[in-house]
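Enquirer: Could you have a look at this structure, given as structure tokens, before my questions?
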Amino acid sequence: MNRCASIALVALTSAACVQERTRVPAPRAEIRDSAGIRIVENPRPPEGSRLAWRIGPEPLVSIGVLEGEEAYMLYGALDATRLSDGRIVVANRGTNELRVFDASGTHLENWAGEGEGPGEFTSLSRVEPWPGDSIAAWWTRTGGISVFDSDGNYGRTFRLGGNDEDPIWLAPRPESATRAGSVLATWRWRDADTIVVHLRDGEGDLKARLGTHPGPEYHLTPPGAYRFDLWEQIFGRRLVHVPWGDLVVIGRTDRYQLRAFRADGSLARIVRRQHVPRPPERSDIEARIEEQVSLVPLEWSPEEIERYQADVRRGYRAAPVAEHLPALDSVMADALDHLWVREFESPADDRPGVPWTVFDPEGRVLGFVETPEDLKIYEIGSDYLLGHSGNELEVESVQLWPLER
């Protein structure tokens, strides 16, 4: 057992991850080529079936305490990544530090910190692997990306177009880093309902245009006490995107179709999976509104919370509702180039575990996998999940879970 209480293994047992699985052969995909584009049509895996992959009943490492040494008290741990030697780097936005822990979760050192100088941050948001066992970290306020080597030495900072003096909305927003050292970026003109997707090189220059895609749809209401007047459609579409091997996947949540682009911007593959749309019921809508209402800062007084929640309820109940529930929630790719698609679950549903559909590197569906219910996954390795548990109302922890394929 490690010397720090924060490294104690936390038994967040997920019944869905250890339940008996119905093992079935992988569904058979239909594959065809059309004008140089490979189209993969997949059936939906059988209801209740699971891949013969196993996620352990508890994390191997859990970093985070309510009280104790400062290094283990996380606040706003928005992202994390694992280096090749097993060290875990946590982007702790509350202190704008990159906190580094060894493979067992013992704190080693901090990189960067609060400030506006080279290698410092004002609003740290992401940390991702970068070629050469380095890492890239970026912050939202100015859109800068800083590169550090595996020893934490600051290398350089670059921005995705524009000048440092320009407003952030004039420059593309970094979203993900690719293995080749490019940056997947998006750009939207203020509150437009379309999103432009770029691939930028390691200097921030445009490498390829990946198209203009439908984004969230908004609804205007008269401003309330908190002056919220712009609301997303309830269960409305969102854009999803992720690097996938040498490709970049782009899709939208209102349909089960993912388009994979090459690094030159050309379309290489379309992956689809059978999905039957379901109209939202009143219980789905009310549960979504209450989900949004529950997100309030801890430091607010009861009166402030009451006014805020009344405003949010008023705004959402005036907002339009999508005709169907989303077809999917989000997408990720793992270290072995499998594509993981998180299934959409209504807030009204109360199910243990989070279901994902897993596709092989060619886009053929393999089956369902369930991950721990309270784990927000940051990274999927060949034999692990790295993610975050907790929120501002609970103790935050960054956890490493074992994955057996």
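Enquirer: Any residue at all in the range 289-311 that's within 21 Å of the chain's Cα centre (by Cα) and in contact (Cβ under 8 Å) with a residue 24 or more places away in the chain?
Expert: So far as the range 289-311 goes, yes, one or more of its residues are within 21 Å of the chain's Cα centre (by Cα) and in contact (Cβ under 8 Å) with a residue 24 or more places away in the chain.
Enquirer: Could you count how many residues in the range 204-220 are outside any strand (DSSP E or B) and more than 18 Å from GLY265 (Cβ to Cβ)? Working first, answer last.
Expert: Start the filter on the range 204-220 by keeping residues that are outside any strand (DSSP E or B), which leaves 204-205, 215-217.
Narrowing further to those that are more than 18 Å from GLY265 (Cβ to Cβ): 215-217.
Adding up the residues that qualify gives 3.
Enquirer: With the requirement that a residue be of a type in the set (Gly, Ala, Ser) and under 14 Å from the mean Cα position of the chain (by Cα), what does the range 368-401 give you?
Expert: If we filter the range 368-401 for residues that are of a type in the set (Gly, Ala, Ser), which is where we start, we get 381-382, 387, 389-390, 397.
Passing the criteria: GLY387, SER389.
Enquirer: Now, a different point. Is it the case that VAL293 is β-branched (Val, Ile, Thr) and surrounded by fewer than 15 Cβ atoms within 10 Å (Cβ to Cβ)? Steps first, answer last, please.
Expert: On the way: β-branched (Val, Ile, Thr): yes; surrounded by fewer than 15 Cβ atoms within 10 Å (Cβ to Cβ): no.
No, not satisfied.
Enquirer: Additional query: Return only the number of the condition from (1) touching a Phe, Trp or Tyr at 6+ places or on another chain (Cβ under 9 Å); (2) surrounded by 15 or more Cβ atoms within 10 Å (Cβ to Cβ) that GLU114 does not satisfy.
Expert: (2)
Enquirer: Additional query: Those residues that are more than 22 Å from ASP383 (Cα to Cα) and either among the acidic types (Asp, Glu) or surrounded by 15 or more Cβ atoms within 10 Å (Cβ to Cβ) (or both), I need them from the range 330-351; list them, please.
Expert: The first filter runs over the range 330-351 and keeps only residues more than 22 Å from ASP383 (Cα to Cα), leaving 344-351.
Answer for the range 330-351, where residues must be more than 22 Å from ASP383 (Cα to Cα) and either among the acidic types (Asp, Glu) or surrounded by 15 or more Cβ atoms within 10 Å (Cβ to Cβ) (or both): PHE344, GLU345, SER346, PRO347, ALA348, ASP349, ASP350.
Enquirer: Go through the range 225-255 and count every residue that is over 24 Å from THR178 (Cα atoms), surrounded by fewer than 15 Cβ atoms within 10 Å (Cβ to Cβ) and charged (D, E, K, R).
Expert: Here the count works out to 2.
Enquirer: Could I ask something else about it? Find all pairs meeting these conditions: Cβ atoms under 8 angstrom apart; at least six residues apart or on different chains; first residue within the range 28-39 and touching a residue at least 40 places away in the same chain (Cβ under 8 Å); second residue in a strand (DSSP E or B) and exposed (fewer than 11 other Cβ atoms within 10 Å of the Cβ).
Expert: Here the result reads ARG38/ARG32; ILE39/ARG32; ILE39/ASP33, each pair linking the range 28-39 to a residue that is in a strand (DSSP E or B) and exposed (fewer than 11 other Cβ atoms within 10 Å of the Cβ).
Enquirer: Still on this model: Identify, from the list GLU379, GLU394, GLU345, GLU373, the residue that is in contact with a Lys or Arg (Cβ under 7 Å, 6 or more places away or on another chain), under 25 Å from PRO59 (Cα atoms) and part of a loop (DSSP other than H, G, I, E, B). Give the derivation first.
Expert: On the way: GLU379 fails: part of a loop (DSSP other than H, G, I, E, B); GLU394 fails: in contact with a Lys or Arg (Cβ under 7 Å, 6 or more places away or on another chain); GLU373 fails: in contact with a Lys or Arg (Cβ under 7 Å, 6 or more places away or on another chain).
Testing whether each residue is in contact with a Lys or Arg (Cβ under 7 Å, 6 or more places away or on another chain), under 25 Å from PRO59 (Cα atoms) and part of a loop (DSSP other than H, G, I, E, B) leaves just GLU345.
Enquirer: Same structure again: Got a number for residues in the range 44-71 being surrounded by 18 or more Cβ atoms within 10 Å (Cβ to Cβ) and assigned to a strand (DSSP E or B)?
Expert: Residues meeting the conditions: 4.
Enquirer: Do any strands (runs of 3 or more DSSP E) lying entirely in the range 240-308 carry at least 1 residues that are more than 24 Å from TRP356 (Cβ to Cβ) and at pLDDT 95 or above, and which ones are they?
Expert: Numbers: elements: 247-252, 257-261, 267-273.
By residue number, 267-273.
Enquirer: Taking the range 171-196, which residues are in a loop (DSSP other than H, G, I, E, B) and either modelled with pLDDT of 95 or more or surrounded by fewer than 16 Cβ atoms within 10 Å (Cβ to Cβ) (or both)? So that I can check it myself, show each step before the final result.
Expert: From the range 171-196, those in a loop (DSSP other than H, G, I, E, B) are 171-172, 178-182, 188-193; that's our starting set.
Hits for the range 171-196 are THR178, ARG179, ALA180, GLY181, SER182, TRP189, ARG190, ASP191, ALA192, ASP193.
Enquirer: I'd like the full set of residues that are more than 18 Å from the chain's Cα centre (by Cα), without any contact (Cβ under 8 Å) to a residue 40 or more places away in the chain and buried (at least 22 other Cβ atoms within 10 Å of the Cβ), limited to the range 72-100.
Expert: Hit for the range 72-100 is ARG99, nothing else.
Enquirer: If I ask for residues that are closer than 26 Å to ASP229 by Cα and either touching a His at 6+ places or on another chain (Cβ under 6 Å) or modelled with pLDDT of 90 or more (or both), which ones from the range 314-346 would you list?
Expert: The initial filter retains those residues of the range 314-346 that are closer than 26 Å to ASP229 by Cα, namely 314-326, 329, 346.
Result: ALA319, PRO320, VAL321, ALA322, GLU323, HIS324, LEU325, PRO326, ASP329, SER346.
Enquirer: Right, here's the next one. Mind listing whichever residues of the range 296-329 are within 30 Å of ARG179 (Cβ to Cβ) and crowded, with 18+ Cβ neighbours inside 10 Å? If you could, list the steps in order and put the result at the bottom.
Expert: As a first pass, look at the range 296-329 and keep what is within 30 Å of ARG179 (Cβ to Cβ): 326-329.
Within the range 296-329, PRO326, ALA327, LEU328 meet the criteria.
Enquirer: Please go through the range 19-43 and pick out each residue that is at pLDDT below 95, assigned to a loop (DSSP other than H, G, I, E, B) and farther than 19 Å from GLY353 by Cα.
Expert: Answer for the range 19-43, where residues must be at pLDDT below 95, assigned to a loop (DSSP other than H, G, I, E, B) and farther than 19 Å from GLY353 by Cα: VAL24, PRO25, ALA26, PRO27, ARG28, ALA29, ALA35, GLY36.
Enquirer: Residues of the range 318-343 being under 17 Å from VAL354 (Cβ atoms) and β-branched (Val, Ile, Thr), which ones?
Expert: Matches in the range 318-343: VAL331, VAL341.
Enquirer: Quick check on LEU258: is it touching a strand residue (DSSP E or B) at 6+ places or on another chain (Cβ under 6 Å), surrounded by fewer than 17 Cβ atoms within 10 Å (Cβ to Cβ) and closer than 21 Å to GLU323 by Cα? Give the derivation first.
Expert: Details: touching a strand residue (DSSP E or B) at 6+ places or on another chain (Cβ under 6 Å): yes; surrounded by fewer than 17 Cβ atoms within 10 Å (Cβ to Cβ): no; closer than 21 Å to GLU323 by Cα: yes.
No: the conditions fail for LEU258.
The values are calculated or read from the model by the stated rules, or taken from the named source; none is laboratory data. Since the structure is predicted, the reported quantities are computational estimates derived from the model, not experimental observations. Neighbour counts are summed over all protein chains in view; Cβ atoms, including those assigned to glycine, are modelled from backbone coordinates with ideal geometry.
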